[in-house]
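What follows is a single structure, written as structure tokens, with notes after it.
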Amino acid sequence: MTASALPSSGPARARGAGSYPEGVTETIRTRAVLLDMDGTLVDSTAVVERLWLAWAEPHGLSPQHVLSVVHGRQGHQSMAIMLPERDHAINLRENDAMLATETSDVDGVIAIAGAGDLLDALAGHPHAIVTSANVALMTARMQAAGLAVPVSAVTAENVSASKPDPEGFLLGASLLGIDPADCVVFEDSGAGIQAGLAAGMRVIGVGKHAAAHDPTYLVDDLTQVAVVPADDGFDLVIG
């Protein structure tokens, strides 16, 4: 079947990852794809968690709380959530330092399974990265994972509000000249999935943790996604 845009009442119920029986697929007609980076195209979990837990230790923050906050958001927003009474100017300075450290530390950063093939298949179709990383960090992690950076990208420098605000995805759609309802988002984090849905887009959740955040569709990894040209846009076949 071909999936339509999200109804205003909310997302369709997501299939569980790995729940597609052999030979069973689902087809989603779209005109553009917007891709998160961390956790969606690249697995940077080890370095992200290592650096953020080191940052949190002097503040006496529990690891569980830190890891529930940081994924998908810009660093200064994560700091503001965890240290709400602190002067935000300090968050901005420390975020700059964190970004520089993350950019220089790509040990263990690898591609999510199927990411390279998906990016290759999207060549010639409208697509963009929408990431909470800045340009330097995006470039460093994509290169470390052996992935080409798409021509179109929305990074931390381009937005005033971090995910779960939909600003980044709406800007990505605007850059590509595509109506938000005709875009499909690939995301793994709760903040990112919320942002995609808030932008009026269908969201394919990537990985086991995405299921908890009610994406429109769900895949284990990107090997479950194929791109098929169509007369009006293209199809994403998942299963």
Residue within the stretch 175-195 that is polar (S, T, N, Q) and touching a Pro at 6+ places or on another chain (Cβ under 8 Å) present: yes
Gln143 being in the same structural domain as Val227 (by TED's automatic domain parsing), more than 15 Å from the chain's Cα centre (by Cα) and not hydrophobic (A, V, I, L, M, F, W, C): yes
Qualifying residue in the stretch 170-184 (condition: buried (at least 19 other Cβ atoms within 10 Å of the Cβ), over 15 Å from Thr30 (Cα atoms) and either touching a residue at least 24 places away in the same chain (Cβ under 8 Å) or of a type in the set (S, T, N, Q) (or both)): yes
Single residue of Thr223, Thr216 found to be among the polar types (S, T, N, Q), out of contact with any Lys or Arg (no Cβ under 8 Å at 6 or more places or on another chain) and in contact (Cβ under 8 Å) with a residue 60 or more places away in the chain: Thr223
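Per-residue answers, yes or no, for (1) closer than 16 Å to Gln74 by Cβ; (2) aromatic (Phe, Trp, Tyr); (3) at pLDDT below 95:
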site: Ser162; (1), (2), (3): yes, no, yes
site: Phe186; (1), (2), (3): no, yes, no
site: Gly200; (1), (2), (3): no, no, no
site: Val206; (1), (2), (3): no, no, no
site: Pro215; (1), (2), (3): no, no, no
site: Phe234; (1), (2), (3): no, yes, no
Output for the stretch 182-239, where each listed residue is assigned to a strand (DSSP E or B) and of a type in the set (Ser, Thr, Tyr): Tyr217
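The values are calculated or read from the model by the stated rules, or taken from the named source; none is laboratory data. Fair warning: this is a prediction, and the values are worked out from it, not measured in the lab. Glycine also receives a Cβ, built like all others from the backbone with ideal geometry; neighbour counts cover every protein chain displayed.
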